[in-house]
Structure formats: C-alpha cells, structure tokens
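Student: Submitted below is the structure of interest, expressed as structure tokens.
Values in this text are rule-based calculations from the coordinates and carry no lab data. A quick note: this is a predicted structure, and the numbers were derived from the prediction, not measured. Methodologically, a virtual Cβ is constructed for each residue, glycine included, from the backbone with ideal geometry; neighbour enumeration extends over all protein chains shown.
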Amino acid sequence: MTSITSLFAASALALCAWLPAAHAQTKVQIGIVTALTGPMAAPGVFQMNGFKLAAEEINAAGGFTVGGRKYSIDLKVYDTRANPSEGATAMQRLATVDKVPVVLGELSSGVAAAIAPIAQDFALPFILTVPTGPNLTEQNNPFLFRVNANNHQLNVALADFLTKQAWSPISFIAWNNDAGRGGVSGIKELLPAAKDGYVGYFNVGEVDFSSHIANVRNSKSQAVMLFMDEEPGSLAIKQIRDAGLKVHLVGTLAMGSDRFLKRLDAQKLEGMLQYNAFPPNADVPRIKKFSQLYKAKFGEEAHGFSAQSYDGLMVAVAAMQAAGTVSDGKAIRDALAKINHTGVIGTIKFDAKGQANPQVYVTQWCANGSRRILYPDAAKAGCGAG
Amino acid sequence: MTQALLEQVINGLMMGSVYVLVALGLVLIYGVMHVVNFAHGVLFTLGGYLGHFFFTQWWDSFWMATLLSMLSVGLVGYALERGVFHPLHGNLRNQVIASLGLILAFENAVIALWGPNALQWKVATTEQLVSVGELRFSVHHLGIIVLTMAMITALGLFLKHTRFGTAIRATSQNQEAALVVGIPVRRVQWSAFALGSALAALGGCLVGPLFLVFPQMGDVPLVKGLAGILLGGMGSVPGAVVGGLILGVTESVSTLFLPTDYRDAIAFMVMVGILLLRPQGLWGQRVRGED
Amino acid sequence: MGLKGLACLLVLLVLASAPWWAAQQPFLLHMLVTACVLVVPAVGLNLMLGHGGLVSLGHMGFAGIGAYVAAVLMVDARWSFAPSVLAAMLAAGAAGGLISLLCFRFRGHFFMIVTLAFGLMLHAVMNNWDSVTRGAAGFAGIPRPSPLRWGDQVWSFGPLPNFYALALGMAVLAFALQYLVVHSNFGRSLAAIRQDERLARSRGVNTLLYKTTVFAMGTALAGMGGVLQVSFLRVAAPASFTMLESINMVLIVIIGGAGSLVGPALGALLYVGLPEMLRLSNEWRLVIFGVMLVLITLFAPKGLAGLCARAWQWLIPRKTTAVAKP
Amino acid sequence: MNHLRIQSLGKRYGGVVALDGVSLDIEGAGIYGLIGPNGAGKTTLFDCLAGTTEPDQGRVWLNGQEVTAWPAHRMAHLGVARTFQECRILPEETCLDNVLFAAQPQGLLANLAQIWTRRAGHRLAALDEAMRLLHLVRLQDHAHVPAAELSFGQRRLLEIVSTFMAQPDVLLLDEPASGVNPSLLQVLGDFVKTMMAERPRIMLLVEHNMAFVMDMAQDIIVMHQGQLLERGSPAQVQASAKVVEAYLG
C-alpha cells in the first residue's frame, strides 16, 4: 500500500518536475500558528522572527531540494490570539484550505491542545516551538512534536542547579498561566529540601508587585524565582531592587537578553540567574552564527523563542527532505520521528511521545551587563559567553 | 510582621490612589448622568499612551505631557458624551452596551496604532529612591499617593466652593430640580464627563512611567474602580475615595494571609458580601433611578 | 405555516445539507460548527438579555461551568456524552440560578457589575483549581461523543460533517427552546418584565422567581454551548471563558438583534464570517465590531434582525398595515 | 365578601411621613373616591394596599384574610388590581396582547409546564372578552397596534381595560382621568360604570378631577397629611369645612 502511494507520489512528482521545467523553483507553503495580538503578542514576535529567519535563509540559498526539485518556502501565518477556538480555526484552515504539509508554532499550551487533535485528524505534523505544558505530549498524538524543552525538563535542569546552591527558603512570583503555574509546582516538587517561602501569582495586566515583594521580604527568603515574561519581569526586578530586597533572583529565558538589559540596567541585574534554552553568546559556532544572523536582520540580540522556532522550521525542512515529499503529511511525520538534526539549540531528536530533549542552560548576569554560563558544567563559561 | 503590615499598607495606598482616580471619574459621570462608563478603563489606557506620545515626540517634560494628555482625553470624553452617551440617555442597557463597544474599539485601535508590546516611559522620579527605615520606595511611588490626595482635596474644594461645583452636586442630587432652578444641566453633564475622562488620563500618565504603557493597562484599574464605587456607594464622591483606598489596602494586606491566585476572586466575594449586608455601600445612600 | 416559517425551514434545509454542498470546502463546515458553538450560549444570553432585559456580563463563565463539569465527567468519570451534557446544563443552570439570586439583590448598573464580578470569579476558579480543571494549561484529551451504533452501522462524531450534524442539532434545539419559551405564557410574562417590571408585578408575576428561572435557562444553554465547544476543540481552556469572551457574547446578541428569535444566528454568522470576508488584521476587525456595536445601539436597536425585518417589510408590505382606520 | 379593612397604616420615607396611622373600613361593592391635596398620602396608601411598598406599621385585611405587607404579585393573585398614576402599559405589545396579558395566569410552575404543552385554551377563551372590552372603550381598531403608538388618553383607557380584564375583586385606580381629554373621559366613565354594573366590586379611585370623582363615587374619603380627614357622600364632603380648609390652606 505504502509502496503504491509512494510510487504514485513519486511519479506525480516526476511529472510535476518534468512539466513546468521553465520554473526552477516551486513554493511550498508552511503553516504557522502564533499569537500576533492578545496577551501573548509580545513573545509571538520572537517566535515569528525565528521562522522568518529560517525561511529567508533557505530561500536565499535557492530553496531546498526534494526529489531532485528545488522548493522555496512561503510562510502561511495565522493569528490565534491565545484563544483555543481561534487556534482550531487557523489549523483547520491550514489543513483544508491552504493544504500545507506541516504546521509549526503556537505559544500557549491551551491553544496548542486545541490544535493538536486537528493535526491528528488530517495526518498533518504539528511542531511546537514554545509551549511548555508537559501534558501536551502525553495525549498519544503521533503527529505532535515539540522542539523546545517542556516545563518538566526545564524544572529538572533548574532544580539540579538550585539543589547545589542550597538556598532556603525560596519564594516564587509567577504569572497565573500555564507556564507560571507549571513552573512553581514543578520546582517545588523537585526541591523538597528548600523550605517554603512565599508564592505569589499575578494575572495578565497586573503590574504592581509591591505586595508580593513585601511578602517575600517577610518570608526571609534567600532566593526569589520569577516565572514570567520579559515585560512583567523587568517590572518585578526593578521593584524588587528598588525595595532594597537582598535576595538571589532566578528568572526565565525571557530575562537573559540584551533587550532585557535595556529595560533595566546592569546594576539591577547583576547576579541574577536564569534558565535558558539558548545562550546567544556561547562560544559554539552554530550559536554564534545564528546570533549574528539574527542581529543583522532584526537589529537586536537573538531570543530563545526565535532559536527554537528557527530550529523547528529547519527540522521540518529536513524531515521533508528525508521523506522525499512536500505534501504527504504521514511520510513527513515518519521522517520527523526518526530525525536527528543538529540545530542552534542542540541536537534535536524526538522521543516516542514527540518530545525533543534540548540542553537547558543556567546563565548569570555579570556586573558589566554581560552573562556567563554556570550550568551545565560542560558548558561553563565566563562573562560575555552567556 | 508589623513592618510587613506597614509596607503593605503603603503599597495598598499607592494602588488604591490609582483606583481612586478611576473611581472619582466614574462617580462624577455616574452622578450627573446615571451612566456607568465601562469604557473608562480604555480612557485610562489612552491617557497613558497619549502621555507617552507627547513626552517622547514633543515635550520632554512629564508634567506638560500629562497635562496635554488629560486635555486630549477630556476632549475625547466630551465627544463621547455628545455623540454616544447623551443620545442614549434614559436607556441604561444600551448605554452599557455602547460602552462595551467603545472598549473593543479603543483597546484595539491602540494596539493597531502603537503595537501590542509595552512601551517604556522613562521619567527621573521613578529612579530616585526614598528610604523609610529598612524599606525603600521610589519618589514616583510616593508621588502618586501625594498627588492623588492633592487632586482629591482640590476636587472636593471645587465641588463645594465653586458655582460650577455646586451645579454638579445639585445635578447629581436631583436633575429635575436642578433644571428648575436654572442650572445648565446639559453643560454640567458634558463637562463632568470630560473632567472624569481627564482624571482617568491622569491615572494612566501617573502609572505609565512606574509600570509600563500597554494596551490592557486600564483593565485592572477599571474593574477595581468599579468595585471601589460600588463599595463606597454609587454616586458618593467621598465614598469613591474611601472605597478605592480600602480596596487597595485590603488587597495588598490580604496577601499576607491569603493565596494570591484567588486574590481578585476573594476581593469580589468580599465586595458582594458587604453589598448584600449594606446594599447602599459603605458610604452612600440608595440612589434613585436605579430601578 | 406562514411565509416566515417557510423561510426558516428553507434556511434550515440549506444548513442541514451543508455537508453535501460544502463537501469540497471543509473549512466552511468548520466555520459553521464554530458559529453553532457560539450560537448556543448566544441563544441563552438572548433569552436573558433580549427577552428578559437582563444584561449579564459574565455569561461565558457559566459556559465554563458546563464545559468543565462535562470534561471531568467524560474524562475522569468516563461518562458518555449525552448524560454529561445533561449534567453540565444542570450544573450551569443551577449555578446560574443561585448566583442570579445574589445578583438580583442589586439593580441596574449594580446588577451588571456583579455579574461581571461573578464571571471573573468563575474564570479564576477554572484557571487556578489545578487538581480538577487541570489549570491554565487547559484540560486536554476531551473525547468527541462516542459513535452511534445501529446494527452494524456506525456513526462516528470524529469526521467534521458528522460533528457538524451534532452541533447543528444542538443549535436547532436551542432555537426550538427559545421559540417555545418566547411563544408561551412564560415568555409573555418575561417580555412584560423587560418592558415594565413594576407593571408585571402588579399583574401577578413573581418577577424575582421568573428572572431567576430565565437566568437558569440562559446559563443552562451557556453550559450546553460550553460542552459543545470543548467536545469540538477537544480541550477545555480557561482562555475560552474570559471576560472578553463574555463581552463578545453580548456583542453577538446585540449585533444580531436582541429579543429577535433569529438574532443570535445572524450575530454569530457575522462574527465568524466578517473577518473572513474583510481579511483585516485582528485589531481593525475588533475596532469595526466595537464601532458597529455603538452604532447599532444608537441607530438600530433591534440589530441586524431588525434591519432585515425592515427590508422584508419594504419588499413585501404586510396586507394588514398597522395604520388604524380613521 | 368585598370587605377591605385597614388599621392604623403608617409609612415614612426618610424624614417625610407619608402615611400617619390611616384606618379605613370599606365594606360592600361600589366606587369609593379617595381625594386630598398633593402629598396627602393617597398614592402611598395605594402602594401599601397593592403591595408595591411595605408599610412600616399597621395591618390590612381583605375579606377577613390578613394581607399586610404581602408582595404585589400575591396581592394580584388575591384579586387586587391597580393602575399607576404615571400610566403603565407594555409599549411593545399590541393593545390586544396588553389586555390578554392581564388575564393570563401567572403561576410559575403552571407556566413552565405550558411551555411544553403549549395549551392556549385560556388565551383563546379570554379573546372574546378582551375584544368586547376594547370595543367598549373604542380601541377595537387598535387591537393589533403596538401600545406605544397610542395617544396618552388611549393608553390610560388601555391600562384601565387591562386592569378590569384581570377580574379583580378590588380595583385601585390612581388618577385615571388625568391627561384624558373630555370625550375620552366620557368613554372612560361609561366603561367603568358598565363594568361595575356587570360585576359589583370594590373600586378605590384617587382623582383630582372633582367633577369626575363626585359623579362616579358613592362614598368619598378625604386624606390630608397622611391622615384620614373626612368621609361621607359627595354632598357631605363638598360641604365639609375641614375639607375646604385642607384644600385651601
């Protein structure tokens, strides 16, 4: 059966290749779902930047070759507004109207959970590049893949590092959403030795952290973990430092960038730690190359979400090449399941549930506004490398 | 513990002051027009954005930018009163629904014009710190409390001792009677609407530099301002002040004892509970025209 | 059956045959399902807002109750779809009735603000009660209704056309319920409450009881819509039940025409279809909706349905005109 | 039957005493005029009787049953119907629907059941009577016109017709003649007399149009400053010095 299909596909491809010989290149539409508006719009920009960068790089190199034929990439982008229903609509459109071979993206786990079953309905591979909810890859959905580390993986790495620091008690200030709540419960579970400090949640749109800070002070915590995005993160750190709180700060990957530094200043950030999927200045050629490309294109330092998304698209292309098709979702899925791709964030290889296992780093801000890598031990590097 | 309590009270006063500015605007408008303007939050946002715009584009002065922003939002308020709320007067349902429409229109227009990302508004006062024992606060932080108190006093004096203030009070107490004694009720209504809108803009400009200027910045102040005027008794100016401050302080003090993920839910539960026991609010009297 | 009834039947036939004429456009079918998912709670809100005059700003909170009750029953307790829908409607309706009893202690604006507050509280519970609702990341893995078996025929709800049949069926059920309610003594009392509550009371209507009942009916329909939504999306996420979604519900009902029987359908179709037609960015589309809402309250309080009715009258003037003999 | 007893009814609004211990015994069918200067407490008395407001003190009996502070809808079930000074109708409904609504049973459970059974027997049975009453006030041509399109006087008539349609034992009419032009007033007076002749009952009539009320009522009750001032036949009351003083002073 498969052989017949592939035979058919191959002959069809051959036919196509033969017929419009004048056109050296055909466009392949790749589906992108992301949040361009709504509460997740800001991180959505970084995700899009990664996809744009990857697509441009491939197209600038003359496209990619499948079955002896060159294809260029055309991104078909839909805005999901962090709303599950909009996500489902976008996916349906990609599957039935645009008929794309593969879909990438999304930021919030709730929306991704609404998209994934449709991917399965249409045998259309769906590659997540940002959402961290661990349960997404637990639904026995063979068409769902995740490039980025999920909450559990992030927490394990961070807990591993924090155990060695032996700070106690530890307090938390977290966004009251999937990433924030997942982070708090995960770390608490993995750090049984640390005494409970204060746990404060805030909703999207809340900007005043002063009452949380007073509670952290009152709890005599040695460290505060900030599970939130760039914008609230900058507010929280400023308010913590202004309040004169003497605690170790631990943040998310959103807080380890030069852009973040611009919002505050080196003095406020000094000593702060963050887990990071992607240290943009690490002395690794693939990372350096990506960071330079990104900076040249967007005029700012690369972001982890961009790196993950860049890799996601590259993996998708590699899978299409391996499968020898730009239309058969099933074949692309099978290729994805077997893929072993070296991307910017490291080796991408999906487990049986579709989850990749990228390296998680812990970096720290230095006094001069650069960062150093503290974890893993193998990647340890001084100021300016993080 | 006492220190934490003190710190929380000061924090609460600061956020409470912002709620008060919103609540005052709502209450002024409610008083003379019997409209709860649900779009008041987007006027707060608009105020923040316009302040930021004037600050970065025209004048490098926080006060000039704030004044200009208040003026512009006041004009927007005037236009809304003339164009939307007055034509719908007497129809409470449609007024509320129109204000929901305004929320959608304004909030998304702001995103379309300025983008979804937060803007930073750097003002020197947010960087200067004042130490109180072990505690430290930014000057801007304390400035918000002081300025709000000044605004409240000024507004109180204005309402009590000027002709126009008296006209506003008379209109809120009894519109027909105000008409009979020759008070220009229409003028009172649109100017109160403009004044209320300008107060919302002031709130946005005060908060903008301390926090960030972003499209949803008015949502929380709106909801809390509404709760504040309900708590204080609809239509009562001192009630709005007390209601807003009580809300701010209990909110931050409660984080000492209660889980924060249910903070808003608890705040609303308490509000509904108080109102069930005292339907006229803590301060106000039962208002007419609410049947 | 009058001309109107015939027109309704025709529209229903067209909609019911969508899987055939839209066979080549599954996306259209998806949009129709989305519209059905919106229409069910919108009909509920129309009963409350359009017919009873009760503006609830927390409607989707109750849809959330239905959604999560059904999710827990179907996934954790392994109930099948139909009893879960009933239980969800019962739970949402009961919660709506009880909460409305508290809300009715307040009048006018107070009432609306308190409904808004309850909507926020319900959302907080959905977002925060991790052990039951799976929290902010959403309750994934909600099954579609199990297949119907008839001898060796199997009718599965997995394929879109089959699920569309279910969604359309539920929407028609909601409209049928609305029709029955409005054309009953209860509906007439409700209309009286909307127009003049004091008069209704003096005619013997226990207005508090009637309002509570219609609130329970409306929220039960919201619950039904919630179940339909989560079994369609196969995930229940708090993001589907926010204050903004509740406001969108009001928007659908008002733009469609509050108090009109077909209003919610027109509103939902426009809400789903307009962005597809306009191809604008999300912001401008919402700006347009917002401005439309304001314009409709100002110039066409009966919404699209009212405008359509006027056009209909203009095309086919009624034989018995409303003008009295001299 | 037909016995309304009021004992020292009192009601204050803030500092204003609206009713100051009113006691009344109304026995036997007939039209009772209730007059008095503005602010005498007539409408407050109506509100207390119809259950629109709760009295602060005092008691009320209807046909031997105590009904003090019963809510409006229960009073309606008991057969007390009223009109409002400001004239209340259902503006969006047709005149016929307005009248039919008054005859509609309002029990919640029965009406919920009716949603499913869709029994319209009651409504159909009331149709003839409704049309007959509309004929009596010459509104038959407006039967299918939304009530909002009526003139103010016609609305008054519609309100009163609806009130009679409820077949009440006690009728409370609050200033039915105000805002009604003389020719319609004639129609109104004839209508009320016809209805009262068909089925005797208690009708309390608050009215400022003295000619109208003296013509209609057999018994006049005068109120002043929340208290009962005088009671008697029209002739007696018109001759009373106290009444003249209250109106002039």
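Student: Output the Kirkwood hydrodynamic radius of segment C:112-180, Cα pairs only, in Å rounded to one decimal.
Tutor: Computed over segment C:112-180, the radius equals 15.6 Å.
Student: Take the residue pairs A:Lys195/A:Lys220; A:Lys289/A:Lys338; A:Lys99/A:Lys349; A:Lys52/A:Lys76 and return only those whose Cα atoms are more than 18 Å apart.
Tutor: From the list (A:Lys195/A:Lys220; A:Lys289/A:Lys338; A:Lys99/A:Lys349; A:Lys52/A:Lys76), the Cα-Cα distance tops 18 Å for A:Lys289/A:Lys338; A:Lys99/A:Lys349.
Student: Then there's this: With a cut-off of at most 16 other beta carbons within 10 Å, and DSSP calling the residue loop, which trypsin sites (Lys or Arg not before Pro) in segment A:189-276 qualify? Please list them.
Tutor: When the trypsin sites (Lys or Arg not before Pro) of segment A:189-276 are filtered for loop state and at most 16 Cβ neighbours within 10 Å, A:Lys195, A:Lys220, A:Lys246 remain.
Student: Using the Kirkwood radius over Cα pairs, work out the Stokes-Einstein diffusion coefficient for the protein assembly as shown at 37 °C and 0.692 mPa s, in µm²/s as a whole number.
Tutor: 97
Student: Fewest to most neighbouring Cβ within 10 Å: what's the order for A:Asp242, A:Asp328?
Tutor: Lowest to highest Cβ neighbour count: A:Asp328, A:Asp242.
Student: Take the Cα atoms of chain B, build their convex hull, and give its volume per residue in Å³.
Tutor: 137
Student: Could you list, bin by bin from short to long, the percent of Cα-Cα pairs of segment A:212-352 in 10 Å steps?
Tutor: Reading the bins upward from 0: 11, 31, 25, 19, 10, 3, 0.
Student: Let me ask something else. Cut-off is 10 Å between beta-carbons; in what order do B:Val110, B:Val272 appear when sorted fewest neighbours first?
Tutor: Arranged by neighbour count, lowest to highest, B:Val110, B:Val272 become B:Val272, B:Val110.
Student: Now for a different question. Which cross-chain or sequence-distant (5 or more) residues have an amide H under 5 Å from the amide H of A:Phe278, H modelled 1.01 Å from N in plane?
Tutor: Close amide H contacts, sequence-distant or interchain: A:Tyr361.
Student: Rounded to two decimal places and with Rh computed the Kirkwood way over Cα pairs, what is Rg over Rh for segment B:10-154?
Tutor: 1.01
Student: Ok, one more. Inside 10 Å of the C-beta atoms of C:116-125, what's the mean count of C-beta atoms belonging to other chains?
Tutor: Per residue, the number of nearby Cβ atoms from other chains is 5 on average.
Student: First check a/c for segment A:340-386, with a ≥ b ≥ c the square roots of the eigenvalues of its C-alpha gyration tensor; if it is under 1.5, answer rounded, and if not, answer prolate when a/b is larger than b/c or oblate otherwise.
Tutor: prolate
Student: Once R0 is set to 56 Å, what does the formula 1/(1 + (r/R0)^6) return for the Cβ-Cβ distance between A:Lys288 and C:Leu180, expressed as a FRET efficiency to the nearest 0.05?
Tutor: Once the sixth-power term is evaluated, E becomes 0.20.
Student: Still on this structure: In debye to the nearest 20, how big a dipole does segment A:13-147 give about its Cα centre with +1 on each Lys and Arg Cβ and -1 on each Asp and Glu Cβ?
Tutor: 300
Student: Separate question: Just name one of B:Leu159, B:Val76, B:Gly51: the one whose Cα is farthest towards the positive end of the charge dipole of segment B:17-217 (beta-carbon charges, Lys/Arg +1, Asp/Glu -1).
Tutor: Farthest towards the positive end: B:Leu159.
Student: Sequence-distant or interchain residues sharing an amide H contact under 5 Å with C:Gly138, placed H: which?
Tutor: Under 5 Å from the amide H of C:Gly138: no residue qualifies.
Student: Which distance in Å, rounded to a whole number, links the C-alpha centroids of segment A:213-278 and segment C:220-254?
Tutor: Using only Cα atoms, the two centres lie 36 Å from each other.
Student: Kindly put D:Arg12, A:Arg372 in sequence by how many other C-beta atoms sit within 10 Å of each C-beta, fewest to most.
Tutor: Lowest count first: D:Arg12, A:Arg372.
Student: Grab the beta carbon distance between B:Gln57 and B:Leu113, set R0 = 22 Å, and tell me the FRET efficiency rounded to 0.05.
Tutor: 0.95
Student: Which whole-number percent gives the relative contact order of segment A:201-275, counting Cα pairs below 8 Å spaced six or more residues apart?
Tutor: For segment A:201-275, the relative contact order is 32 percent.
Student: As I understand it, the dipole of segment D:3-248 uses +1 on the Cβ of Lys and Arg and -1 on the Cβ of Asp and Glu, about the Cα centre. Which of D:Ala81, D:Trp70, D:Leu109 lies farthest toward its positive end?
Tutor: Towards the positive end, the residue furthest out is D:Leu109.
Student: Quick check for me: using +1 on Lys/Arg Cβ and -1 on Asp/Glu Cβ, what's the dipole size of the protein assembly as shown about its Cα centre, in debye to the nearest 20?
Tutor: Using Cβ point charges on Lys, Arg, Asp and Glu, the protein assembly as shown gives about 1100 debye.
Student: Give the span of segment D:3-248's Cα atoms along each principal axis, as three whole-Å numbers ordered largest to smallest.
Tutor: Computed over the Cα atoms, the extents are 57, 41, 33 Å.
Student: Name the longest site-free stretch of chain B, where the excluded sites are trypsin sites (Lys or Arg not before Pro) in a DSSP loop with no more than 16 other beta-carbon atoms within 10 Å.
Tutor: In chain B, the maximal stretch lacking such sites is B:123-285.
Student: Sticking with this structure for a sec: Quick check on chain C: helices-only [θ] at 222 nm, where DSSP H runs of length 4 and up contribute -39,500 (n - 2.57) each and the sum goes over total residues. Nearest 500, please.
Tutor: Theoretical 222 nm ellipticity from helices: -23000 deg cm²/dmol.
Student: Something else now. Could you give the distance between the Cα centres of segment C:68-111 and segment A:329-376, to the whole Å?
Tutor: 43
Student: I want to check the label-to-label distance for D:Asp128 and D:Glu66. Put each point 7 Å from Cα in the C-beta direction and report it in nm to one decimal.
Tutor: Label at D:Asp128, label at D:Glu66, 4.4 nm between them.
Student: Per-residue counts of other Cβ atoms within 10 Å, averaged by peptide: what ranking do you get for D:59-65, D:39-45, A:143-149, B:61-67, highest first?
Tutor: Descending packing order for the listed peptides: A:143-149, D:39-45, B:61-67, D:59-65.
Student: Still on this structure, I have one more. Using the Cα centre of chain C as origin and beta-carbon charges of +1 (Lys, Arg) and -1 (Asp, Glu), tell me which of C:Gln24, C:Met126, C:Val182 is placed farthest towards the positive end of the dipole.
Tutor: C:Val182
Student: What is the Cα centroid distance between segment C:117-138 and segment D:150-164, reported in whole angstrom?
Tutor: Cα centres, segment C:117-138 to segment D:150-164: 52 Å.
Student: Dipole magnitude of segment B:17-217 about its Cα centre, charges +1 at Lys/Arg Cβ and -1 at Asp/Glu Cβ only, in debye to the nearest 20?
Tutor: Charge dipole of segment B:17-217: 480 debye, to the nearest 20.
Student: Rounded to the nearest angstrom and ordered from largest down, what semi-axes does the equivalent ellipsoid of chain C get from its C-alpha gyration tensor (root of 5λ)?
Tutor: The equivalent ellipsoid of chain C has semi-axes of 31, 26, 20 Å.
Student: Please compute one quarter of the surface area of the Cα convex hull for segment C:180-326 and express it in square nanometres.
Tutor: Computed as one quarter of the Cα hull surface, the answer is 12.9 nm².
Student: Further, regarding this structure: Whole-Hz ³J(HN,Hα) for each residue in segment B:10-21, computed from phi via Karplus 6.51 cos²θ - 1.76 cosθ + 1.60 with θ = phi - 60°, x for glycine and proline: what do you get?
Tutor: Result, rounded to whole Hz: 5, 4, x, 4, 5, 5, x, 4, 5, 4, 4, 4.
Student: Something else about it: Could you compute the longest span of chain A free of GluC sites (Glu not before Pro) located in DSSP loops and having at most 16 other Cβ atoms within 10 Å, not counting the site residues?
Tutor: Longest gap between qualifying sites, sites excluded: A:1-269.
Student: Suppose R0 equals 51 Å. What FRET efficiency, 1/(1 + (r/R0)^6) with r the Cβ-Cβ distance, do D:Glu198 and B:Thr153 give to the nearest 0.05?
Tutor: Step by step, r from the Cβ atoms, then E = 0.15.
Student: If a helix is a whole DSSP H run, which ones in chain C reach 24 Å or further along their own axis (Cα) and hold a mean Kyte-Doolittle hydropathy of at least 0.0?
Tutor: TM-like helix candidates: C:26-45, C:81-103, C:108-128, C:160-182, C:207-233, C:282-299.
Student: Bin all alpha-carbon pair distances of chain A at 20 Å intervals from 0 and give each bin's fraction as a whole percent.
Tutor: 29, 55, 15, 1
Student: Further question on the same structure: Quick one: Karplus J couplings for segment B:161-175, per residue in order, coefficients 6.51, -1.76, 1.60, θ = phi - 60°, nearest Hz, x for Gly and Pro?
Tutor: Ordered by residue, 3J(HN,Hα) equals 10, 10, 4, 5, x, 4, 4, 4, 5, 4, 5, 5, 6, 7, 5 Hz.
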